[in-house]
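**Q** This structure is in structure tokens; I'll ask about it shortly.
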Amino acid sequence: MRSMRRSECAQIAMMLEVCAYPKPGNVDRCHDYEDTWLEHFLASAILARPAFVTAEYSTAGLGACLKEAVSLTAVHEGGNTHFGAYILLFPLIMGDGIEGALDITARTTVEDALNFYEAFGLTEVRMNKTDDLDVNDPESARHIRDEKLTLKDIISYSAPGDMVCREWLNGFALSRRVADFLLAAPDGKQAIVRAFFSLLESEPDTFIIKKHGRDIAEWTMKQAKEVSAGIRSAEDFDEECLARGINPGSIADITIAGIYLALREGWNWESSQTA
């Protein structure tokens, strides 16, 4: 197989993550949500390509790339599918890896921050009530300009309560863990599920915390450990999460970033055809 461009690796990473099964509580090739389907995720992976190409050739800033991706994918009714993943993918694409991504994130500007907030406003994601900056408040843009806040500043502000944003500050540590897991795995297809579980059993998903509280996030970790230990089936755990509306969306976003890194480093996702 020919080597893939960075933009292509980003698309494939998004596709592989959503198709992997079972990933408890998340949309996959066997489960849809009522309003968000597998097809919405796949459509976003296709529609985002021009923004990925923009990032690959560095013809726009990071915030502009994020806004372009959200604008391009806001044409279906499946809502926000990949906003968290974009926060990780775009610096990795622009920097061609973690070291370059950290340089990109360190050099973000006020304009990047403003574009990020405009992109945020196009999604169905909403800020926590305790956040000082509200995307729906015109004063937020003025505050960003007056305080000269960069996109790195905005992400750093959110990082304590958001594991996706923390990746910018910790050297993309969890994304790296996923990539290393995949690169060491003997097969391709089920390796994504196992990599997903490796995070789910060790890291409290901050999307679950925001939606259900820390106790449920810790319960999810405990159940994932039981699956890995063979005490509980992944399918049963998946069905309970779906029934209770427990979806580890932040870990899914980080898994996408990890898949992207592994693909860029030569991981062969076709190395096994076993389900």
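**Q** Which condition does Thr206 not pass, out of (1) closer than 20 Å to His82 by Cβ; (2) in contact with a strand residue (DSSP E or B) (Cβ under 9 Å, 6 or more places away or on another chain), if it passes all the others?
**A** (2)
**Q** Report yes if some residue within the range 232-239 is loosely packed, with under 15 Cβ neighbours inside 10 Å, over 23 Å from Ile87 (Cα atoms), more than 19 Å from the chain's Cα centre (by Cα) and of a type outside the set (Asp, Glu); otherwise report no.
**A** Yes, the range 232-239 contains a residue that is loosely packed, with under 15 Cβ neighbours inside 10 Å, over 23 Å from Ile87 (Cα atoms), more than 19 Å from the chain's Cα centre (by Cα) and of a type outside the set (Asp, Glu).
**Q** Name the helices (runs of 4 or more DSSP H) wholly within the range 1-103 that hold at least 2 residues that are among the charged types (D, E, K, R) and crowded, with 21+ Cβ neighbours inside 10 Å?
**A** Qualifying helices (runs of 4 or more DSSP H): 6-19, 62-73.
**Q** Conditions first: (1) farther than 18 Å from Ala257 by Cβ; (2) in contact with a helix residue (DSSP H, G or I) (Cβ under 6 Å, 6 or more places away or on another chain); (3) of a type in the set (D, E, K, R). Asp153 passes all but one, so which condition is the exception?
**A** (2)
**Q** Restricting to the range 213-231, name every residue that is buried (at least 19 other Cβ atoms within 10 Å of the Cβ) and either farther than 22 Å from Pro160 by Cα or β-branched (Val, Ile, Thr) (or both).
**A** Thr220, Gln223, Ala224, Val227
**Q** Out of all the residues in the range 214-231, which are part of a helix (DSSP H, G or I) and aliphatic (A, V, I, L, M)?
**A** Ile216, Ala217, Met221, Ala224, Val227
**Q** In contact with a helix residue (DSSP H, G or I) (Cβ under 8 Å, 6 or more places away or on another chain), surrounded by 15 or more Cβ atoms within 10 Å (Cβ to Cβ), among the aromatic types (Phe, Trp, Tyr) and within 14 Å of Cys241 (Cβ to Cβ) - does that describe any residue in the range 186-196?
**A** Within the range 186-196 (the criterion being in contact with a helix residue (DSSP H, G or I) (Cβ under 8 Å, 6 or more places away or on another chain), surrounded by 15 or more Cβ atoms within 10 Å (Cβ to Cβ), among the aromatic types (Phe, Trp, Tyr) and within 14 Å of Cys241 (Cβ to Cβ)), the answer is yes, since at least one residue qualifies.
**Q** Search the range 80-102 for residues that are closer than 13 Å to Leu66 by Cβ and among the β-branched types (Val, Ile, Thr) and pair each with any residue that is at pLDDT below 95 and buried (at least 24 other Cβ atoms within 10 Å of the Cβ) when their beta-carbon atoms are under 9 Å apart and the residues are at least 6 apart or on different chains.
**A** Pairs that qualify, where the first residue is closer than 13 Å to Leu66 by Cβ and among the β-branched types (Val, Ile, Thr) and the partner is at pLDDT below 95 and buried (at least 24 other Cβ atoms within 10 Å of the Cβ), are Ile87/Phe116.
**Q** With the structure loaded, tell me whether Leu133 is modelled with pLDDT of 95 or more and not aromatic (Phe, Trp, Tyr) or whether it fails that test.
**A** No: the conditions fail for Leu133.
**Q** Go through the range 186-212 and give me each residue that's of a type in the set (Gly, Ala, Ser) and farther than 26 Å from Pro160 by Cα.
**A** Listed by number, the residues that qualify are Gly188, Ala191.
**Q** Something else: Looking at the structure I just gave you, is Ile246 in contact (Cβ under 8 Å) with a residue 60 or more places away in the chain, surrounded by fewer than 24 Cβ atoms within 10 Å (Cβ to Cβ) and closer than 26 Å to Glu34 by Cβ?
**A** Yes, satisfied.
The values are calculated or read from the model by the stated rules, or taken from the named source; none is laboratory data. All of these numbers come straight from a predicted model, not from anything done at the bench. Please note: Cβ atoms are built from the backbone with ideal geometry, for glycine as well, and neighbour counts cover all protein chains shown.
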